[in-house]
Amino acid sequence: MDQPPSSVKLLGSWADSHTHRVQLALKLKGLEFEYQEEDFINPSPALLLHNPVYKKVPALLHGGRSIVESVVILQYIDETWTDNPIMPADPFERAVIRFWCHFTDDKLAPAVGLVFSSSGEGQKAAVDQVHENLKLLERELKDGAFKGRRFFGGDKIGLLDIVLGCGSYWLAVFEEVMEVKLIDPESFPVFHAWLRDFEEQQEVKETIPAIDRLLEYARGIRQMMLSLSNGSSINNAAATSG
């Protein structure tokens, strides 16, 4: 018997893709929940209490107990409220989904982050790495484990769609802010079509912030990074001058 959704609370941040993962999963499950916005720089006492190891969002509170790390939270949600499943029943398929979720967080996301935080040759190398990772996903959608599916989860959004899709909108944001090309519809036609379809789902539209707000946020972070970098250069020059 499913656990009642009473006393479900999410500690998160509006611009955090991992928070969006949990929000989307809860909406797909049709669950009501309380939301508490957190500050990255000054986390609340509640967040420090419920995630003392990493001290970061998201943290899901259910029945007085806390669950942290977004993929762990997603699996907890699916196992606790079994209606509208986001994971397949077959153990092998579940293992495949878990693998590609790990790939997303271990390979693709860091490469995208490097595009944003680097410049020059370093940025070019990061863009190349993003493309190599997208080639692998394109191959899986076209000829691999997910061939012929509308979504990675089948006819409906599943766990991997949530994990991958709730970060992929940053690709478009970084393309504009950094003036690079990350998703070429000609190079990645199946992945591009999947992403457009994912973004058109009503629950996704209700979860992902407006692109203008994300662009403003990304530009502010980029400017701060450049200022810190320039300041370090000046300090280094001063330290080495006699």
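The values are calculated or read from the model by the stated rules, or taken from the named source; none is laboratory data. Since the model is a prediction, treat every value here as computed from it, not as a measurement. Glycine gets a Cβ as well: all are built from the backbone with ideal geometry, and neighbour counts include every protein chain shown. Note: areas computed on protein heavy atoms with side chains; ligands, DNA, RNA excluded. Shrake-Rupley method; radii C 1.70, N 1.55, O 1.52, S 1.80 Å.
Hey, among 242, 148, 154, 165, which residue is at pLDDT below 95 and of a type in the set (Gly, Ala, Ser)?
None of the others qualify; the one that does is 242.
Go through the stretch 80-99 and count every residue that is under 17 Å from residue 24 (Cβ atoms) and part of a helix (DSSP H, G or I).
Total satisfying the criteria: 2.
Has the stretch 94-105 got at least one residue that is exposed (fewer than 14 other Cβ atoms within 10 Å of the Cβ) and of a type in the set (Phe, Trp, Tyr)?
Checked the stretch 94-105: at least one residue is exposed (fewer than 14 other Cβ atoms within 10 Å of the Cβ) and of a type in the set (Phe, Trp, Tyr).
Name the one entry in 173, 163 that is touching a Cys at 6+ places or on another chain (Cβ under 8 Å), of a type outside the set (Gly, Ala, Ser) and either part of a helix (DSSP H, G or I) or open to solvent by less than 30 Å² (accessible area, probe 1.4 Å) (or both).
Criteria check complete, one pass: 163.
Looking only at residues that are of a type in the set (A, V, I, L, M, F, W, C) and either open to solvent by less than 10 Å² (accessible area, probe 1.4 Å) or touching a helix residue (DSSP H, G or I) at 6+ places or on another chain (Cβ under 7 Å) (or both) in the stretch 12-30, which one is nearest to residue 199 (Cα to Cα)?
24
Just a yes or no: is a residue in the stretch 2-11 open to solvent by 60 Å² or more (accessible area, probe 1.4 Å) and either outside any loop (DSSP other than H, G, I, E, B) or among the aromatic types (Phe, Trp, Tyr) (or both)?
No, because not a single residue in the stretch 2-11 is open to solvent by 60 Å² or more (accessible area, probe 1.4 Å) and either outside any loop (DSSP other than H, G, I, E, B) or among the aromatic types (Phe, Trp, Tyr) (or both).
Is it the case that the stretch 201-214 has a residue that's farther than 27 Å from residue 69 by Cβ, open to solvent by less than 60 Å² (accessible area, probe 1.4 Å) and part of a helix (DSSP H, G or I)?
Checking the stretch 201-214: not a single residue is farther than 27 Å from residue 69 by Cβ, open to solvent by less than 60 Å² (accessible area, probe 1.4 Å) and part of a helix (DSSP H, G or I).
If the requirement is being in contact (Cβ under 8 Å) with a residue 24 or more places away in the chain, exposed (fewer than 12 other Cβ atoms within 10 Å of the Cβ) and in contact with a Lys or Arg (Cβ under 9 Å, 6 or more places away or on another chain), which of these qualifies: 33, 40?
Being in contact (Cβ under 8 Å) with a residue 24 or more places away in the chain, exposed (fewer than 12 other Cβ atoms within 10 Å of the Cβ) and in contact with a Lys or Arg (Cβ under 9 Å, 6 or more places away or on another chain) holds for just one of 33, 40, which is 40.
Can you tell me which of 124, 147, 107 is part of a loop (DSSP other than H, G, I, E, B) and either among the basic types (Lys, Arg) or within 20 Å of the chain's Cα centre (by Cα) (or both)?
Just one listed residue meets the conditions, 147.
If residue 194 satisfies all but one of (1) free of Cβ contacts under 8 Å to residues at least 24 places away in the same chain; (2) open to solvent by less than 10 Å² (accessible area, probe 1.4 Å), what's the number of the condition it fails?
Residue 194 satisfies all of (1) free of Cβ contacts under 8 Å to residues at least 24 places away in the same chain; (2) open to solvent by less than 10 Å² (accessible area, probe 1.4 Å) except (1).
Of these, 57, 112, which one is touching a residue at least 60 places away in the same chain (Cβ under 8 Å) and either part of a helix (DSSP H, G or I) or under 20 Å from the mean Cα position of the chain (by Cα) (or both)?
The match here is 112.
So, in the stretch 62-78, exactly how many residues are under 20 Å from the mean Cα position of the chain (by Cα) and either surrounded by 16 or more Cβ atoms within 10 Å (Cβ to Cβ) or of a type in the set (Lys, Arg) (or both)?
Residues flagged as under 20 Å from the mean Cα position of the chain (by Cα) and either surrounded by 16 or more Cβ atoms within 10 Å (Cβ to Cβ) or of a type in the set (Lys, Arg) (or both) within the stretch 62-78 amount to 11.
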